[in-house]
Amino acid sequence: MTSATAVLRRTNVLGVATMLLLLGAWELLIRVGLLDFQNLPAPSAVAARAQQLLASGELMTNLLHTLRVTLLGWVLASVIGIGLGLVLGLWRPAWRWSMASFELLRAVPPISLVPLALLVFGFSVRTELTLIVYASAWPVLVNTIEGVRTVRPELRDVARTLHLSRRETLLKLTLPAAMPSIVVGLQLGLSLALVLAVVAELVGNPSGLGNALILAQLALRPEEMFAYVFTIGLLGIALNAAFRQIVAWTLTSAKPLPGKVS
Amino acid sequence: MTVERSADVSSAALGTQPRSVACQCRNASVDLGSRAGPRRILGDINFDLHEGEFVAILGRSGSGKTTLLRVLGGLVDPTPESVVTFHGRPVAGPPQDVVFVFQNYAASLLPWRTVHNNVALGLEGKVPVAVKRARISESLATVGLEARAADYPWQLSGGMQQRVQLARSLAMRPRGLLMDEPFGSLDAMTKASLQDQLQQVHQHTGATIAFVTHDIDEAVFLSDRILVLDGSPATIAHEIPVELPRPRDQLATKELPEFLRLRRQVYDAIVETGD
């Protein structure tokens, strides 16, 4: 089978058709004048503007900024979330001391910290990174704790009767057993990282897709705004797909994932 | 049968040549926490396991059989005044050269490791790679699973998975095996074939085996001695020596008058203690 037919097989043809149909309807409604808002452009106008932005390199520059910050923030958040999650999940005293603080912090929506971060760090990439790390560390942390807590007690007994050291038990039993839960946390964290990157760029850091979106609004260029909105959407899809692919490659041996067995 | 014989009497009653003691249990009691405070599960358990002996621990469900086995395996701590030793050393944590085989094979195998790597788990970093490989293939051959080494546990039937766990234990070259209802959730045919396999393993390795079960036939068929647990807290209510010739056969042995007599005796012991 050629790769072209393989791609075709995996593509949801009906789904793509529906999408094209909706775009066509949008275009049509604007052309016949049924949809008549001052600042609602037709898809064709958006596409034309997107092409210009691509050609000038403007879109790519903004896209790369947002992509870089999102990934960097997500990686930092993941390291912190997994590390802290292991400590809190495996060491009871740590959990008892910190649980109340964590429950309180968790109840605060990360977006409500945006003005605060802005005040502390100013209009900078630091504001953006801080917000991303803070927001996306939560799901990683919570899922890591959950993952190591729910490791079946039988596995701990297995480790003991086979005389595995604490380090071996952690690396060979606890972590792999918690991995499905951690992966869920990482995936949620990645989506949140992009959300927070865009929010921070909208109000704080003067670069990236979010900032371009605001500039386009101030310049009254709705086609450009839509072009950036679609770009952000596509970036989200691409990040998610890349994440899934990497998970599929690295965890082939865990098929089916331990958590999905029963 | 009398209640609570001392170890000396029991080995005399066994009528065999005195063998050295592998495991000693003196005044062993266990308290487990409950909502109403600690509750005594086992009270004052006394017995010995001799080197190479196959002892079945029998009792109704909830009688504390598994708890007793976990005490021997160092997975549950008995009360401070209890004396439990394995190979002459007091049990504090899982003893050396003793491996516990769990009832729930599915939860005891690592689903992300192949059969081969599951068996390797206890050997990694402890023996040279060549020795490790040799022991893995040897123990997989013992349970007849060489051909499935590259498969994952979920690709195997329940009986095969339990054989993987047995192979993993055998690869450690244990002198003692503690088996907690290992065949409890298997169908009759699979159970019989695993009993035969375990009998061969016992013969070849000479390991001391303590085997918890609620299946009377299984206890009589496999063991040299049966301990019946009963009461609350549980004690050893009966101790029944099994002197059936070995090797034992699923059909011939089970047709022996002595087998039927023992089966009856054990059954009566359990029913009597229950009322």
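Assuming residue A:169 fulfils every condition listed in (1) more than 14 Å from chain B (Cβ to nearest Cβ); (2) touching a residue at least 12 places away in the same chain (Cβ under 8 Å) apart from one, which condition is it? Looking at each condition in turn, residue A:169 falls short on (1).
Looking across A:243, A:226, one residue alone is buried (at least 21 other Cβ atoms within 10 Å of the Cβ) and in contact with a helix residue (DSSP H, G or I) (Cβ under 8 Å, 6 or more places away or on another chain). It is A:226. Checking each residue in segment A:47-76 for being over 19 Å from residue A:202 (Cβ atoms) and of a type in the set (D, E, K, R) picks out only A:49.
Just one of the listed residues (A:79, A:114, A:108, A:87) is closer than 18 Å to residue A:204 by Cα and out of contact with any Asp or Glu (no Cβ under 7 Å at 6 or more places or on another chain), namely A:114.
Residues that are under 29 Å from residue B:115 (Cβ atoms), charged (D, E, K, R), touching a Phe, Trp or Tyr at 6+ places or on another chain (Cβ under 7 Å) and assigned by TED's automatic domain parsing to the domain that holds residue B:66 occur in segment B:247-261; there is at least one. Output yes when any residue across segment A:152-165 is touching a residue at least 24 places away in the same chain (Cβ under 8 Å) and out of contact with any Cys (no Cβ under 6 Å at 6 or more places or on another chain), and no when none is. Checked against the condition, which is being touching a residue at least 24 places away in the same chain (Cβ under 8 Å) and out of contact with any Cys (no Cβ under 6 Å at 6 or more places or on another chain), segment A:152-165 yields at least one hit. Restricted to segment B:110-125, and to residues there that are under 16 Å from residue B:174 (Cβ atoms) and at the interface with chain A (Cβ under 7 Å from one of its Cβ atoms), the residue that is farthest from the chain's Cα centre (by Cα) is B:121. Scanning segment B:147-203 for residues that are touching a helix residue (DSSP H, G or I) at 6+ places or on another chain (Cβ under 8 Å), among the charged types (D, E, K, R) and closer than 20 Å to residue B:247 by Cα yields one hit, B:191.
All of B:201, B:228, B:212 fail the test of being among the aliphatic types (A, V, I, L, M), touching a Ser or Thr at 6+ places or on another chain (Cβ under 9 Å) and more than 27 Å from residue B:167 (Cβ to Cβ), apart from B:228.
Hey, does segment A:38-47 have a residue that's at pLDDT 90 or above and within 26 Å of the chain's Cα centre (by Cα)? Yes, segment A:38-47 has at least one match. Could you tell me whether any residue of segment B:86-93 is in contact with a Pro (Cβ under 6 Å, 6 or more places away or on another chain), of a type in the set (A, V, I, L, M, F, W, C) and more than 22 Å from residue A:177 (Cβ to Cβ)? Scanning segment B:86-93 turns up at least one residue that is in contact with a Pro (Cβ under 6 Å, 6 or more places away or on another chain), of a type in the set (A, V, I, L, M, F, W, C) and more than 22 Å from residue A:177 (Cβ to Cβ). Scanning segment B:146-155 for residues that are within 21 Å of residue B:135 (Cα to Cα) and either within 14 Å of another protein chain (Cβ to nearest Cβ) or of a type in the set (A, V, I, L, M) (or both) turns up B:147, B:149, B:150, B:151, B:152, B:153.
In segment B:98-109, the residue that is nearest to the other protein chains (Cβ to nearest Cβ) out of those that are in a helix (DSSP H, G or I) and in contact (Cβ under 8 Å) with a residue 40 or more places away in the chain is B:108. When A:8, A:54, A:71 are checked against the criterion of being under 24 Å from residue A:190 (Cα atoms) and either surrounded by fewer than 17 Cβ atoms within 10 Å (Cβ to Cβ) or under 28 Å from the mean Cα position of the chain (by Cα) (or both), a single residue qualifies: A:71.
For segment A:78-95, what are the residues that are farther than 18 Å from residue A:152 by Cβ, in contact with a helix residue (DSSP H, G or I) (Cβ under 7 Å, 6 or more places away or on another chain) and surrounded by fewer than 20 Cβ atoms within 10 Å (Cβ to Cβ)? Selection gives A:80, A:84, A:87, A:94, A:95. Scanning segment B:114-137 for residues that are touching a residue at least 12 places away in the same chain (Cβ under 8 Å) and either surrounded by fewer than 20 Cβ atoms within 10 Å (Cβ to Cβ) or not in a loop (DSSP other than H, G, I, E, B) (or both) yields B:114, B:115, B:116, B:118, B:119, B:120, B:132, B:135, B:136, B:137. Looking only at residues that are under 17 Å from the mean Cα position of the chain (by Cα) and of a type in the set (Ser, Thr, Tyr) in segment A:173-205, which one is nearest to residue A:247 (Cα to Cα)? Going through the qualifying residues, I end up with A:181.
May I ask you to verify whether residue A:174 is assigned to a helix (DSSP H, G or I), more than 14 Å from chain B (Cβ to nearest Cβ) and β-branched (Val, Ile, Thr)? No.
The values are calculated or read from the model by the stated rules, or taken from the named source; none is laboratory data. Bear in mind the structure is a predicted one, so any value in this text is a computation, not a measurement. So basically every Cβ, Gly included, is an ideal-geometry build from the backbone, and we count neighbours across all protein chains shown.
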